Ligand code: SF4
């Protein structure tokens, strides 16, 4: 979330799309109803199902699964064609005025530079035109056909209301009503917020779904403002924190790009990742990358990371390929992996195409599962009849299962969707011999380290030299760990001499050994250690700031500055400089957030801006981007600088109504493995669109182990609309078999008014809804794993699997 | 007037028809509580926590029972929403309200176990045995497959034949220790629940 849960109360209009906050985030949804009551805010819900969020909405529109970009692209076209945008904001805070390169082109489903064989783009023609001075060329009039604004306008001109209706199945009148309401928030004193979740991310175009919406929010001037933003409602209590700690292959803690095979030295690596301003006066905050990275190396390898050995740069593994979870299981499936450690994760249930996952894990030599609950993954080798029909004697994987604590039995911090770290206390011991993950990892590491010390082995240095300053080596204390990633000065930090005043003596800023207060204090010479720069200051000299419990809200805008600690720098709304106009005044007097007081930025939040950057300096609010403004044209995306509608890999239409290019029906840049392409089903055999979803009473695959949840939602079911039920002759409660090209699920059918066939591209498309919460372990009734059905393909950028749009057939069981 | 009533007598009097509160107002407050079963929560310890499910991250108060003496293990016996928490203000949804049953689930893993290759059942083992065996397997695989240099001669120090998937349910501190140790070993096949 760019904003916070409570901040939702400051909005004028809420759009819920790609999510269902009323059921999936009930206590956060309260802030939507609060806004509706106190600010008379309106709620719009766009969803394939008439959800409980829809039930309290002012406006609801159905949409076909997997067609969100067509809908949102239509909104962009609507806003641009009648000039319902916040022009001053767009000009000052986005790249609308930037010139794109000559040679950039979009033609019949392909952007320029497509390599069909490799399914990737050569992005040479994407991006901005850079002048001789090293800065991007701009056209302040936004009239040049090559400026981002005109390129965008041209791209979305094809998304007319008629086309929207044809592709999405949303009736034109409903679409227009919603577009009009959204357009009204282009007024400087109106703000809209968008709440989304996995309904947008779990598509082969997931990242572009979100980007299209971000573009709308930018055009309407709703980013960085109270009541605005683009708000991802995340699915696990600490999914934000674990993402920030970067337990994934692409990055190191704090989203520092991980070194690659092609980085030949630390110097090259730092050069690749250190930003430099693309426009005059911009902060280009990634200029500080060497400080963040060097401080992390010092936190990890301490005295063994010296200037002479490039701060132990060699110790870091260099990545040669993608290693996201889909690729990892693909490698496993090819027999290229021997071992697999699975901590609090249930891939057999959570990954697509269960059959493939089972085959992959069966090829491992060893597997370790650390979990508080008996997961399906830990028993993938056991026969549970039709629910898990395997032969244990044929599976040669040695499986270890280690008991861990739950949240209740571990002290430490969680980071919520609003980026707020909150400290929690251990209440009791785990049953039996359960241990916290930190202790399990520490004990395992210490054992391996001792083996390397005693027996030697391959490259022992990164292991034996890892800084391990914990009082109890086998069980580091959560406080010690937080102090380490928050960071401290290793020696006295003196002020950097001002070249204009050479006579001034340096003064002491931070005494050696003290905790740092902010990442601004980090240095790249090895004098500071900080495990995660984003979390720098969470444990300051004042103590553990994540444990603060002052719930006062002096501004009344829901800004709880002394409750927990928000990254970065305890900032509650990101890009908040944009809450004021270019001259530094509030856009809207009823929501005063941050303004320029003549000398500095001041307001109710920590400014997301250099505090003394006067408005005349034109320092853009999007300080992490080297251009200082937000991107309408983004070359970082795999499938194009502007989002384009592509069909799900399993499309009920068989064609993409937006083009006539047989190679651009689905995302041309998505990665598809051999065998998986063949496993996609076709509409002739699997005529119904399908989508998976979650229920209010269950959390993923955990709460099926909890009796009270099992009582309220005891048994698996699938949901269809009355029209499809009538066509198929199904009655409520009939047992049905749902089949995809990869597997099948048997469950009772629930017939509702919530889903209806939609008219799409000249045919009626029905949708089958499949709640995901059942499996072959638990205190609920057992059921088939829903991911027996889903396709093995991910978003081209994030590789998040396409769980929300695929094809099935359905028949009586 | 000098009236001393025990708590039990007090309740008897109250039950006799006199309103308890007005009796207390007159000064007949109970003086001893020893022989009465008091309100259960009064004997518990409060712990502040966070709902482990969705990332609204509602504040929880968990109540444990047990007198904190050395041999007594505290047991969580009640969980409720934290009324001081700015986001949930005391409320919980059906997931969070049922969290006690997840903590006390009959399907908690209680001991380290191993399922040997080709076997159909678990076998209980000690932590020591489990971690020693896992450490050996990991070291063996690392030593056999670790890549020190790539074809161009650059030091790459990666180990890509063992993968690691991390939990989104453990704390930031556990996550940090996991990433620090796994990266130090050279693991690149690293991913998290956050992806999906
Ligand atoms: S109580 Fe419900 S809304 Fe609150 S964090 Fe838990 S699951 Fe989310």
Protection proxy ranking, peptides A:98-111, A:799-812, average beta carbon neighbours within 10 Å, highest first: A:799-812, A:98-111
Residue mean of other protein chain beta carbons inside 10 Å, A:248-254: 5
Cα-only Debye scattering, region A:403-446: base-10 log of I(q)/I(0) at q = 0.17 Å⁻¹: -0.54
MRE, 222 nm, helices only [DSSP H, n ≥ 4, -39500 (n - 2.57), over chain A, to nearest 500]: -6500 deg cm²/dmol
Average Cα contact separation per residue, region B:146-196, under 8 Å, 6 or more apart, as relative contact order %: 41 percent
Inter-chain shielding of A:20-27 (mean C-beta neighbours from other protein chains, 10 Å cut-off): 5
In Å, descending, principal axis extents of the Cα set of region B:45-103: 37, 23, 14
Ordering of A:285-293, A:654-662, A:438-446 by packing [mean C-beta count within 10 Å, highest first]: A:438-446, A:285-293, A:654-662
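R0 = 30 Å: FRET efficiency of residue A:176 with residue A:108, Cβ-based, nearest 0.05?
The value I calculate is 0.65.
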Partner chain coverage, peptide B:83-92 - average Cβ within 10 angstrom: 6
Rh (Kirkwood; distinct C-alpha pairs) - region B:146-196, Å: 12.0 Å
Cα-Cα separations in region A:243-377 greater than 22 Å, expressed as whole percent: 52 percent
Scattering curve values for region A:23-232, log₁₀ I(q)/I(0), Debye with Cα scatterers, q = 0.17 Å⁻¹: -1.29
Quarter of Cα convex hull surface for region B:95-148, i.e. mean projection, nm²: 6.9 nm²
Dimensionless Rg ratio for the protein assembly as shown, taking C-alpha atoms and the 2.2 N^0.38 Å reference: 0.95
Share, in percent, of DSSP beta bridges within chain A that are antiparallel, nearest 5: 50 percent
Relative frequency of Cα-Cα separations exceeding 25 Å in region A:662-812, percent: 33 percent
Packing-based ranking, highest mean first, of A:605-611, A:335-341, A:380-386, A:415-421 given that Cβ atoms within 10 Å are counted: A:415-421, A:335-341, A:605-611, A:380-386
Percent of Cα-Cα distances greater than 24 Å, calculated over region A:165-299: 53 percent
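Computed from the coordinates by the stated procedures, all read-outs in this text should not be read as laboratory data. Just so you know, these numbers come straight off a predicted model, no measurement behind them. Here the Cβ is made from the backbone with ideal geometry for all residues, glycine too, and neighbour counts use every protein chain on show.
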